[in-house]
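Novice: Here it is: the structure, laid out below.
The values are calculated or read from the model by the stated rules, or taken from the named source; none is laboratory data. Because the structure is a prediction, the values reported are computed rather than measured. Using ideal geometry, Cβ is built from the backbone for each residue, glycine included, and neighbour counts are taken over all protein chains shown. Ligands, DNA and RNA are stripped out before the accessible areas are found, and what is left, the full protein with its side chains, is counted by its heavy atoms. Shrake-Rupley method; radii C 1.70, N 1.55, O 1.52, S 1.80 Å.
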Amino acid sequence: MVSRLRMRPRQRLVDLGCGTGGAGLWLARALGAELDGIDIPPVAVSLADRRAHQFLPAGRATFHVGTLGETGLDSASADGVICADAFSFAPDGRAALEELRRIPRPGARALITSPDRHPASSKPWDRVGLELEAEGERPHVPGMWRRLYRLWADHEDELRNVLGEAQAERMIGEARRRAPEMDYRRFSVATVRRPA
Ligand SMILES: C[S@@+](CC[C@H](N)C(=O)[O-])C[C@H]1O[C@@H](n2cnc3c(N)ncnc32)[C@H](O)[C@@H]1O
């Protein structure tokens, strides 16, 4: 992802569907970039905000509430965009695509990882004027989820104690349901570019 974004230090990276900051904070640190993150739940945005100092100097990361279809960011304001395992949640795919086209400056790239059954290259990037520059598989991802699900199952009692019944139940249910899917799921990453 670092090499595909082709960014220079102090340029601006936008993380759409940033969750608690995960991928964006790691990448911004690796790239020496400034970071803007967008997600829906205020609690995710505030957790991301609280973690930022572990990765970046003060003032180099900001997180806002917004959606993939309505980010509130200025047009052509990003030197790179990532959307890690979030794009497929957009209720209005067309609006999310248009935001992906609007936010990067001309020539800048967006990386979209896809956790669904369809490869990221099957998305209609060209309909909004984005060029598909590259697509790659993430072959390590199913193994990562299998290991994580096994850990949840092995630590079920601890999860119930620490997170409470309802949350632990959701996680154990997800692990049971999704672990078998990891045998056939394909995880991919697409690099798209706003034409210069
Ligand atoms: C699987 S998590 C990935 C989080 C983060 N990108 C990461 O890699 O750690 C999916 C994220 O997408 C966010 N999300 C779902 N629908 C969204 C939408 N319409 N607009 C913005 N974010 C959304 C969720 O709140 C969640 O944080």
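Novice: Once each part is reduced to its C-alpha centroid, what is the distance from the stretch 121-155 to the stretch 79-110 in angstrom?
Specialist: Computed from Cα coordinates, the inter-centre distance equals 16 Å.
Novice: May I ask for the net charge around Thr67, where only other residues with Cβ less than 11 Å from the Cβ of Thr67 are counted and Lys, Arg are +1 while Asp, Glu are -1? Intermediate values should be presented prior to the final figure.
Specialist: On the way: positive: none; negative: Asp39, Glu70, Asp92, Glu99.
Residues near Thr67 contribute -4 overall.
Novice: Label the stretch 1-155 by shape, choosing from rounded, prolate and oblate, from the square roots a ≥ b ≥ c of the eigenvalues of the Cα gyration tensor; if a/c is under 1.5 it is rounded, and otherwise prolate applies when a/b is larger than b/c, oblate when it is not. Walk me through the intermediate numbers first.
Specialist: Numbers: a/c = 1.43, a/b = 1.07, b/c = 1.33.
Taking the square roots of the gyration eigenvalues as a ≥ b ≥ c, the stretch 1-155 is rounded.
Novice: Rounded to whole Å, give me the distance from the Cα center of the stretch 22-40 to that of the stretch 178-193.
Specialist: Each part's Cα centre sits 22 Å from the other's.
Novice: For a label point 7 Å from the Cα of Ala166 along Cα→C-beta, name the residues of the stretch 26-53 whose backbone N is under 15 Å from it.
Specialist: Those under the cut-off are none; the list is empty.
Novice: A further question follows. Apply the Karplus curve 6.51 cos²θ - 1.76 cosθ + 1.60, θ = phi - 60°, to the phi angles in the stretch 128-136 and return the couplings in whole Hz, x for Gly and Pro.
Specialist: 10, x, 9, 9, 7, 8, 7, 9, x
Novice: Let me ask another. Residues with beta-carbon under 13 Å from that of Gly24, excluding Gly24: net charge, scoring Lys, Arg +1 and Asp, Glu -1?
Specialist: So the surrounding residues net to -2.
Novice: Now a separate question. Let me check something: with ligands and nucleic acids excluded, how do Ser188, Ser88, Ser77 order by accessible area (1.4 Å probe), largest to smallest?
Specialist: Of Ser188, Ser88, Ser77, the descending order of accessible area is Ser88, Ser77, Ser188.
Novice: Could you point to the residue in Phe89, Gly66, Ala78 farthest towards the positive end of the stretch 42-196's charge dipole, with +1 and -1 charges on the Cβ of Lys/Arg and Asp/Glu respectively?
Specialist: Farthest towards the positive pole: Ala78.
Novice: Treat every Asp and Glu Cβ in the chain as -1 and every Lys and Arg Cβ as +1, leave all other atoms uncharged, and give the resulting dipole magnitude about the Cα centre to the nearest 20 debye.
Specialist: For the chain, the charge dipole is close to 640 debye.
Novice: Once you put a point 7 Å from the Cα of Asp74 and another 7 Å from the Cα of Arg146, both along the Cβ direction, what distance in nm separates them?
Specialist: Here the modelled spin labels are 4.8 nm apart.
Novice: Which value in deg cm²/dmol, rounded to the nearest 500, describes the helix-derived mean residue ellipticity at 222 nm for the chain, given -39,500 (n - 2.57) per DSSP H run of n ≥ 4 and division by the residue count?
Specialist: On the way: 7 runs with 70 residues, N = 196.
Helix contribution divided over all residues of the chain: -10500 deg cm²/dmol.
Novice: For the stretch 141-182, what size does the Cα cloud have along each of its three principal axes, sorted from largest down, in whole Å?
Specialist: Principal extents (largest minus smallest coordinate, Cα): 28, 14, 12 Å.
Novice: For the full complex of protein chains and a 1.4 angstrom probe, list Val162, Val141, Val65 by accessible area with the highest value first.
Specialist: Output order, biggest surface exposure first: Val162, Val65, Val141.
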